[in-house]
C-alpha cells in the first residue's frame with residue numbers, strides 16, 4: 001500500500017513538473033507571437049528613447065536577430081539593472097463609432113535587456129518571464145542601443 005502511495009505521489013509530482021514546463025513553453029510561444037505583431041518597436045537606453053523601428057523590414061530584422069527559438073528559461077540576480085528596453089507597440093483595435101485616425105498605439109510587451117547576464121526580462125501584461133538569450137542575439141541587441 002505504501003509503495004502505491006509513493007508511486008501516485010511520484011506520478012503527481014512528475015505531472016506537475018511537466019505541466020509547469022509546458023506553461024513556460026506556451027508563454028514563450030505567445031511572446032513570440034506578440035512580438036511579431038508589433039507595428040512599432042521603441043528602444044530605450046537609460047530611460048531615454050534612442051530609436052524607433054517603424055518600417056516593416058526594420059521590425060522583421062529586429063525580430064530575426066532575437067533568435068526567439070533559442071531562448072531558454074533563466075534567472076536574474078536581484079541587483080541586476082537593465083541596460084536597455086525594447087517596447088513593442090500595436091494600434092488599438094478599432095471600436096464601434098471610433099474614427100480610424102483616433103486609434104492609438106498600445107504596448108504589447110516590454111523586454112528589459114541585461115548585457116552582462118545575456119538575459120531578457122519579458123513583460124506581457126502581468127506575466128513576467130526571464131530568458132537567457134544566445135550571445136549572438138545579445139550582440140545584436142547591443143547594436144540597437
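Observations
- Residue match in the stretch 128-144 (condition: free of Cβ contacts under 8 Å to residues at least 12 places away in the same chain, surrounded by fewer than 16 Cβ atoms within 10 Å (Cβ to Cβ) and closer than 20 Å to residue 37 by Cβ): yes
- Residue 42 being within 19 Å of the chain's Cα centre (by Cα), touching a residue at least 24 places away in the same chain (Cβ under 8 Å) and either buried (at least 16 other Cβ atoms within 10 Å of the Cβ) or more than 15 Å from residue 123 (Cα to Cα) (or both): yes
- Qualifying residue in the stretch 89-103 (condition: within 16 Å of the chain's Cα centre (by Cα) and exposed (fewer than 10 other Cβ atoms within 10 Å of the Cβ)): no
- Restricting the stretch 104-120 to residues that are touching a residue at least 24 places away in the same chain (Cβ under 8 Å) and under 21 Å from residue 40 (Cα atoms), the residue that is surrounded by the most Cβ atoms within 10 Å (Cβ to Cβ): 120
- Residue 80 modelled with pLDDT of 55 or more, over 19 Å from residue 130 (Cα atoms) and surrounded by 13 or more Cβ atoms within 10 Å (Cβ to Cβ): no
The values are calculated or read from the model by the stated rules, or taken from the named source; none is laboratory data. These figures come from a predicted structure and were not determined experimentally. Because the Cβ atoms are built from the backbone with ideal geometry, glycine has one as well, and the counts that use them run over all protein chains shown.
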